[in-house]
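The values are calculated or read from the model by the stated rules, or taken from the named source; none is laboratory data. All values reported here derive from a predicted model rather than from experimental measurement. Backbone-built Cβ (ideal geometry, glycine too); neighbour counts: all protein chains shown. Side chains are part of the model used for accessible areas, which takes the heavy atoms of the whole protein and leaves out ligands, DNA and RNA. Shrake-Rupley method; radii C 1.70, N 1.55, O 1.52, S 1.80 Å.
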Amino acid sequence: MNQSQVISSEIIKKSYLKHECSKEVALILSLEQEFDWLIITKLNLSLLNIVHIVGLRLVTNLECLTLSHNKIKKIENLDCLMKLQELNLSYNRITTIENLDHLIKLNVLNLSGNNISELKNLDNISQLQAFYISHNEITDINQIFYLKRFKYLQCIELSNNPATDNNRQLIVDQFPKLMYLDSKYITAEEHSLPVETNDEYSLAGSEVLGESNIIHKAFLNENDGIQFFNYLYYEDVDGELLSKWNSTVKVAFKKYKKQITDSAMELFNTSLQKLTVRDEMFFKFKMSHNRFERKLTYMSRDIIKEFEEIRRIRTSPSSKEQSSDFSSNETSMTQDLDNVDNLSEHLSIDTFIAVSEFEIIALKTKLHEKNIYMNKTITDMISKYANFVEVELKSFLELLVPMFFNMREIVSTYSEILSENIRLAVNNPIKVIPKEFINHFGDRFSINDAAVKMSDKHMEMIYKREERLSSDAKKWAEQSIEDLRNSEKQRFWMVFEEITKYCDNVTIWLESLKNL
């Protein structure tokens, strides 16, 4: 049975020099007579069989503390760490969330892999952005909704709790600003974002642009620098431990982290640039469409207005005198677009005395011709826009190939260094393997297998991310164009029904006059 350890100054110093310093820096600091505890801002005390959280008053400048994979049963004695921003207590034996009130700067809290059944005592952590509570014992879904009080919360890990099984959509609906749930990006469709209506003057009141202006951003944020690196090492305890094998591996790991992060940022910036281009294309199309639809809407209304003007002249007692002013009156009414909405208020049975059925048929035909012309023109506009999108999408996908190839090369280089160093050690019978590695992996040969599996896992994850990025980009292109086409179909038939209804009403009124 492994002996429990207490957090002492010696343990803190040893862990800091081992995990956070290069070999040269560690040597220099270990030789100093008085150690400066305030230089420690990041501390990893995982896998040390710690039972109680004590002895941290020396490191009051801590910003990131990891105590994962220990035997801790109670959260305690953290009130001295006022600057703490990240706290990892995953895979311990904690049953109650408590004693975190003083950590007001905390923005990342990891409590995964414990025995917690109730979410509470987090009210003072107003800056919380990421909360991990997977692999616990939460049986009441209402416990999850406690987290709604955190306005900056963007990421929640809830998997493997009895209350969260098959409840993803329910949870998403309760957290409209959440970006990630269980390590999966929340798409706009899942959030069910409302569609903005852009043309208040539309004859049919149609929402022509649908949801195509929000779908395409679903894949971008996951490729932001360090988030991509964290994605590779998510719950990869073996990989994290192996990265501390020796000084050579530590240097290679540091280089690996920087190269992957830089490559991911290049990918992010390229994606952002391309999305900006697409947004501009979409905005230009949107404005062109709105102008055109408004123009055609007014043309349809002008046809109705002209029909009303003819009716007014025919029914006026002084029609001859007013007929001479018809041209000027028509011009005046055309300019006064605000009066269009008031036309329906003047309609009554008496106003259609001098209108024939033939004229109503002609009116209906003219309005439908305008609607058909409008439909064809908008459809042509959408087709042209679709061609632009296809060209831009092809350009974007071509840029992805060398970027992801470079990422796989980076993984391969680091894996070779790691595997070579492990191979040399495990094949040397007199080489002493550190106890923490033997305790974790079981024997020296399992360590070598773990290094190979880690490499394969990271390579596979990069392939999956490339496939997903490509798939999401294609999905956006296809869905945005399909949404536009479906919206135009909807607009066409709404206008068709409105025109038909208007003309049918006029016909009915005329029939009623005949029966008087």
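Take the Cα of Phe358, step 7 Å toward its Cβ, do the same at Asn246, and the gap between the two points is 10.4 nm. Express in whole angstrom the spacing between the alpha-carbon centres of region 118-155 and region 474-509. Each part reduced to its Cα centre gives a spacing of 45 Å. Any of Lys250/Lys431; Lys255/Lys394; Lys184/Lys464 with alpha carbons more than 21 Å apart? Name them for me. Long pairs (Cα-Cα over 21 Å): Lys255/Lys394. Here the calculated FRET efficiency for Val6 and Lys105, from their Cβ-Cβ distance with R0 = 22 Å, stands at 0.25, rounded to the nearest 0.05.
The calculated FRET efficiency for the pair Glu98 and Lys184, based on their C-beta separation and a Förster distance of 41 Å, comes to about 0.85. Relative contact order of region 106-169: 35 percent, from C-alpha pairs under 8 Å at least 6 residues apart in sequence. Apolar share of the accessible surface for region 396-516: 56 percent from carbon plus sulfur atoms, 1.4 Å probe.
Could you compute the FRET efficiency for Glu467 and Asn167, with r as their C-beta to C-beta distance and R0 at 30 Å, rounded to 0.05? Intermediate values should be presented prior to the final figure.
Details: r = 27 Å, r/R0 = 0.91.
My answer for the efficiency is 0.65.
Peptide packing: for 424-430, 231-237, the average count of neighbouring Cβ atoms within 10 Å per residue gives the ranking 231-237, 424-430, highest mean first. Under the simplified labelling scheme, the Glu369-Glu34 pair shows an inter-label distance of 9.7 nm, with each label point 7 Å from Cα along Cα→Cβ. Spin-label model, Val54 to Glu409: label points 7 Å out along the Cα-to-beta-carbon direction sit 5.4 nm apart. The residues of region 105-166 expose, per residue, 44 Å² of accessible area to a 1.4 Å probe. A simple rule links phi to the HN-Hα coupling: the Karplus curve 6.51 cos²θ - 1.76 cosθ + 1.60 with θ = phi - 60°, which for region 402-407 gives x, 5, 6, 4, 5, 4 Hz, with x for Gly and Pro. Averaged over its residues, region 349-477 has an accessible area of 55 Å² per residue, based on protein heavy atoms and a 1.4 Å probe.
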